[in-house]
Structures are given as C-alpha cells and as structure tokens.
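> Let me give you the structure first, and then I'll get to my questions.
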Amino acid sequence: MAEHAEHAAYPVGLRLSGRRVVVLGGGQVAQRRLPSLVAAGADVLLISPSAKPSVEAMADTGEIRWERRRYTPGDLADAWYALISTDDPEANTAASQEAEDRRVWCVRSDDAEAATAWTPATGRSDGVTVAVLTGRDPRRSAAVRDAIVEGLRDGTLAAPHHRARATGVALVGGGPGDPDLITVRGRRLLAEADVVIADRLGPRDLLAELPPHVEVIDAAKIPYGRFMAQEAINNALIEHARAGKSVVRLKGGDPYVFGRGMEELQALADAGIPCTVVPGISSSISVPSAAGIPVTHRGVAQEFTVVSGHVAPDDERSTVDWSALARLRGTLVVLMGVENSAAIAATLTAHGRGADTPVAVVQEGTTAAQRRVDATLATLGETVRAEGIRPPAVIVIGDVVAVNP
C-alpha cells in the first residue's frame with residue numbers, strides 16, 4: 001500500500017448480504033462496527049478469545065457466530081471482507097498479508113496504511129447512506145458526516161426525490177410549540193412537503209423555513225361551507241393528496257392526544273389515501289417539564305392522568321369521571337381547561353381533593369412567551385382570571401407542583 005498512499009481512496013459500497021465477513025478481535029472496534037455489518041445482512045464470523053459484553057450478546061442472540069480463539073492462517077478463506085482489530089500486532093500483520101494474498105478487502109484498526117480498505121464515517125437518513133473519507137483525519141470525517149446527516153434529518157439540507165415518489169398524507173405531531181421540539185422525522189417530512197395544512201397550535205416558526213413553492217394552509221381558515229370544521233379539513237387533505245401532492249398535516253403536540261388524528265386517518269383510509277402518522281411530544285408532559293414540574297416524582301406521585309377540560313364537568317357532553325379523578329393521589333394534567341378552570345377546581349374539591357392542593361398553570365409552554373402562575377385548587381379560578389391566563393395553557397394539579405430542585 002505504501003507506494004499508493006498518495007492517491008485518494010476509491011469509494012464503493014459493498015453489498016455483503018449473505019456473504020462471509022471475518023472480524024478478528026472482539027474489543028471496542030468490533031463493538032462499533034459489528035452492528036452495521038449485521039444490518040448489511042453479512043454472515044459474520046468473529047474470531048477472538050474474548051469479547052466486550054455487547055459483542056458477546058450479539059453472539060448469544062445468533063446475530064453473529066463466535067469462535068473463542070486467536071487468529072490462525074486460513075481464517076480468511078472464502079471471506080469477502082475482513083476487519084482486523086486484535087491487540088496482537090503480529091497477528092494483525094499476518095492476517096493482513098493473508099487478506100492481500102486472497103484478494104479480500106481488509107480494514108486494519110492499528111495500521112490504516114497496511115490495509116486494502118478504509119472504513120468511512122457513515123450515517124443514514126431516509127434511505128440515504130452518507131459515507132465520508134478524509135484520509136488520515138477520522139475526526140474530520142465524523143464531523144462532516146454528522147453535519148450532512150443532521151441536515152438531511154432536520155430538513156435544513158434539501159435532498160428532494162427526483163424520481164417518482166409516493167404521494168399521500170403525513171399526520172405530523174409538531175410538539176408543544178418550540179420548533180426545536182418537533183421530531184427529526186417530522187421536520188424532514190415538512191421539508192419534503194408540497195402542501196402543509198397547519199393547526200394554530202403547531203410550531204409556526206417552522207413554516208417560515210419552508211421553500212417558496214410549498215402551499216401552506218391555515219386549518220383554522222379553511223372555508224367550511226356546509227361542512228363541519230373537521231370535515232372540511234379532511235376533505236382538504238384528500239383533495240390535495242388526490243392531486244398527487246405530498247401533504248403534511250402539521251398538528252400541535254401529538255396527533256392522537258386530543259388532536260383528532262384518528263378521525264383524519266379514518267377519513268383518509270376511507271378515501272384510499274395512504275397515510276403516515278408521526279408521533280409528537282405531547283404538551284401534557286413537555287410543558288410541565290419546561291416549567292420545572294415533573295409529572296411523576298419518587299415518593300410524591302406514582303401516576304399521572306391527562307384529561308381534556310374543554311367541556312365543563314357539569315356539561316352533559318362530558319365523559320370524564322371527575323369524582324374518580326378527585327380520589328386519585330397522583331398528578332392531574334388538564335389540557336384545554338382555561339375557560340372551565342374554576343368549575344374543574346370546584347368539582348374536584350367537592351369530590352374530596354384537598355382545596356390546598358398545589359396547582360400550576362403554564363401558558364404557551366416551551367415558547368419564548370412561556371409563563372407559569374401558581375395557585376391552589378381553592379384559588380385556581382380567581383388566579384386564572386386575575387392573571388389574564390389565556391389558551392394555550394396546561395394546568396398541573398398535584399403535589400409535584402411544589403417539588404423544587
């Protein structure tokens with residue numbers, strides 16, 4: 001290899017499915033490389049007297065075969081690829097020479113110049129494999145790899161499909177409001193969308209980052225005509241998907257936590273439209289967390305319950321068993337309950353929850369406008385009125401409110 005060291009390596013992707021790969025050494029290098037070899041479908045043989053616990057576990061589960069011994073000449077027979085990473089320089093040199101003689105692509109962890117192949121810094125996102133080689137600077141390779149993969153994942157690096165792609169709808173949970181709290185997959189789907197139908201409570205800042213050609217529709221402003229609001233949204237999703245567009249329904253929080261995600265999924269299924277659901281971070285957990293409140297805490301609360309407060313407890317449409325909630329000792333998280341906060345507090349105390357139970361109301365949680373107001377069940381209604389609390393706000397009821405760092 002020495003006479004060719006000044007030349008750049010020729011990059012190539014090895015298809016190792018079902019093909020013999022020999023790994024010499026069960027240490028840290030094997031620990032890092034084996035998962036990718038297994039993911040590639042390789043028939044992996046590990047030869048090493050000992051192995052890291054995670055490597056041993058792969059052998060125990062049958063993902064790889066392990067022969068507990070040192071390298072001996074002939075071990076690379078019929079191999080397509082070899083990874084040499086033992087702590088014995090003489091064995092590494094001998095195995096490397098065998099690889100050269102047998103024309104087996106070989107990576108050496110102790111001497112890259114003596115190898116016939118180099119392992120690039122690799123990463124994957126949405127079916128794309130990124131492999132980076134920068135010669136003798138693996139840290140730089142990893143940094144470049146990370147920058148590219150992160151850009152592909154969060155949508156800041158555009159890599160649109162130029163061949164035929166599947167159209168349909170993605171129901172994306174946008175999280176509690178902070179644009180950084182949308183999932184990686186959700187942000188990537190946004191970057192690939194032709195049409196985005198957005199809720200008011202979705203992460204609005206992300207919409208400004210969309211390319212100019214993307215049509216953004218405010219779900220609150222869809223003309224309803226003879227339809228109910230949800231029916232009109234369903235029809236808009238179907239219409240744009242049938243037009244061959246890639247559609248993202250951007251929702252606040254998680255699509256299935258008081259987000260009517262299943263209603264939209266059912267409507268799309270009835271229309272024969274393929275749909276992907278991307279979970280989101282629910283405000284029921286993330287907003288209290290952002291305000292310094294754990295919904296569970298050892299010795300304080302062993303459970304938490306999430307309930308919608310958009311229907312008052314005495315409303316005939318309410319399906320919530322408020323008397324049962326009052327008897328619970330854990331944390332109660334109320335979403336969409338600002339308007340009915342006084343009635344909710346009165347109902348809980350009437351059914352036995354202590355009037356002095358700590359309560360926190362967190363308005364516009366995780367955003368720059370976040371604010372927290374503390375009260376008790378006895379003072380909740382008056383506090384909400386006096387402080388001018390407005391939706392969106394999360395009400396947290398229980399002793400966890402008083403837990404301090």
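> I need the full set of residues from the stretch 147-193 which are in contact with a Gly (Cβ under 8 Å, 6 or more places away or on another chain), open to solvent by 20 Å² or more (accessible area, probe 1.4 Å), outside any helix (DSSP H, G or I) and at pLDDT 90 or above, in order please.
Scanning the stretch 147-193 gives 176, 183.
> Take the conditions of a type in the set (Lys, Arg) and out of contact with any helix residue (DSSP H, G or I) (no Cβ under 9 Å at 6 or more places or on another chain) and apply them to residue 124. Does it pass?
Taking the combined requirement at face value, the residue does not satisfy it.
> Could you name every one of the strands (runs of 3 or more DSSP E) located completely within the stretch 73-125 that has at least 1 residues being of a type outside the set (Val, Ile, Thr), under 34 Å from the mean Cα position of the chain (by Cα) and farther than 14 Å from residue 23 by Cα?
Where strands (runs of 3 or more DSSP E) fall fully within the stretch 73-125 and carry at least 1 residues being of a type outside the set (Val, Ile, Thr), under 34 Å from the mean Cα position of the chain (by Cα) and farther than 14 Å from residue 23 by Cα, they are 121-125.
> Checking the structure you have, find out if any residue of the stretch 262-272 is in a loop (DSSP other than H, G, I, E, B), out of contact with any Ser or Thr (no Cβ under 6 Å at 6 or more places or on another chain) and closer than 24 Å to residue 233 by Cβ. Break it down stepwise before answering.
Of the residues in the stretch 262-272, the ones in a loop (DSSP other than H, G, I, E, B) are 271-272.
From the residues that got through so far, the ones that are out of contact with any Ser or Thr (no Cβ under 6 Å at 6 or more places or on another chain) too are 271-272.
From what's left, closer than 24 Å to residue 233 by Cβ: 271-272.
Among the residues of the stretch 262-272, at least one is in a loop (DSSP other than H, G, I, E, B), out of contact with any Ser or Thr (no Cβ under 6 Å at 6 or more places or on another chain) and closer than 24 Å to residue 233 by Cβ, which makes the answer yes.
> In the stretch 336-344, is there at least one residue being hydroxyl-bearing (Ser, Thr, Tyr) and open to solvent by 60 Å² or more (accessible area, probe 1.4 Å)?
no
So that you can scan it fast, the table gives a plain yes or no per residue for (1) surrounded by 15 or more Cβ atoms within 10 Å (Cβ to Cβ); (2) in contact with a Gly (Cβ under 6 Å, 6 or more places away or on another chain); (3) modelled with pLDDT under 95; (4) within 22 Å of residue 177 (Cβ to Cβ):
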residue: 306; (1), (2), (3), (4): yes, no, no, yes
residue: 317; (1), (2), (3), (4): no, no, yes, no
residue: 329; (1), (2), (3), (4): no, no, yes, no
residue: 349; (1), (2), (3), (4): yes, no, no, no
residue: 355; (1), (2), (3), (4): no, no, no, no
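Here is a yes/no grid of residues against (1) of a type in the set (A, V, I, L, M, F, W, C); (2) touching a residue at least 12 places away in the same chain (Cβ under 8 Å); (3) farther than 20 Å from residue 109 by Cα:
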site: 54; (1), (2), (3): no, yes, no
site: 60; (1), (2), (3): no, no, yes
site: 65; (1), (2), (3): no, yes, yes
site: 75; (1), (2), (3): no, yes, no
site: 79; (1), (2), (3): yes, yes, no
site: 82; (1), (2), (3): yes, yes, no
site: 88; (1), (2), (3): no, yes, no
site: 91; (1), (2), (3): yes, yes, no
site: 94; (1), (2), (3): yes, yes, no
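A quick yes/no check of all residues on (1) touching a residue at least 40 places away in the same chain (Cβ under 8 Å); (2) surrounded by 21 or more Cβ atoms within 10 Å (Cβ to Cβ); (3) in contact with a helix residue (DSSP H, G or I) (Cβ under 9 Å, 6 or more places away or on another chain):
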{"position": "365", "(1), (2), (3)": "yes, yes, yes"}
{"position": "369", "(1), (2), (3)": "no, no, no"}
{"position": "381", "(1), (2), (3)": "yes, no, yes"}
{"position": "384", "(1), (2), (3)": "yes, yes, yes"}
{"position": "391", "(1), (2), (3)": "yes, no, no"}
{"position": "395", "(1), (2), (3)": "yes, yes, yes"}
{"position": "398", "(1), (2), (3)": "yes, yes, no"}
{"position": "403", "(1), (2), (3)": "yes, no, no"}
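> Something else about it: Name the pairs: first residue in the stretch 248-263 and over 16 Å from residue 231 (Cβ atoms), second residue open to solvent by less than 10 Å² (accessible area, probe 1.4 Å) and hydroxyl-bearing (Ser, Thr, Tyr), Cβ to Cβ under 9 Å, at least 6 apart or on different chains?
253/284; 254/284; 257/284; 258/284
> Out of 196, 248, 216, 257, which single residue is in contact with a strand residue (DSSP E or B) (Cβ under 6 Å, 6 or more places away or on another chain), outside any helix (DSSP H, G or I) and open to solvent by 30 Å² or more (accessible area, probe 1.4 Å)?
Among 196, 248, 216, 257, only 216 is in contact with a strand residue (DSSP E or B) (Cβ under 6 Å, 6 or more places away or on another chain), outside any helix (DSSP H, G or I) and open to solvent by 30 Å² or more (accessible area, probe 1.4 Å).
> Now, a different point. Kindly indicate whether residue 49 is part of a helix (DSSP H, G or I) and either of a type outside the set (A, V, I, L, M, F, W, C) or without any contact (Cβ under 8 Å) to a residue 24 or more places away in the chain (or both).
It is false that residue 49 is part of a helix (DSSP H, G or I) and either of a type outside the set (A, V, I, L, M, F, W, C) or without any contact (Cβ under 8 Å) to a residue 24 or more places away in the chain (or both).
> For the stretch 88-104, how many residues meet the condition of being of a type outside the set (A, V, I, L, M) and buried (at least 17 other Cβ atoms within 10 Å of the Cβ)?
Count: 3.
The values are calculated or read from the model by the stated rules, or taken from the named source; none is laboratory data. From a predicted model like this one, the values you see are computed outputs, not experimental measurements. Because the Cβ atoms are built from the backbone with ideal geometry, glycine has one as well, and the counts that use them run over all protein chains shown. For the accessible areas, the whole protein counts, side chains as well, though only heavy atoms, and no ligand, DNA or RNA atoms are used. Shrake-Rupley method; radii C 1.70, N 1.55, O 1.52, S 1.80 Å.
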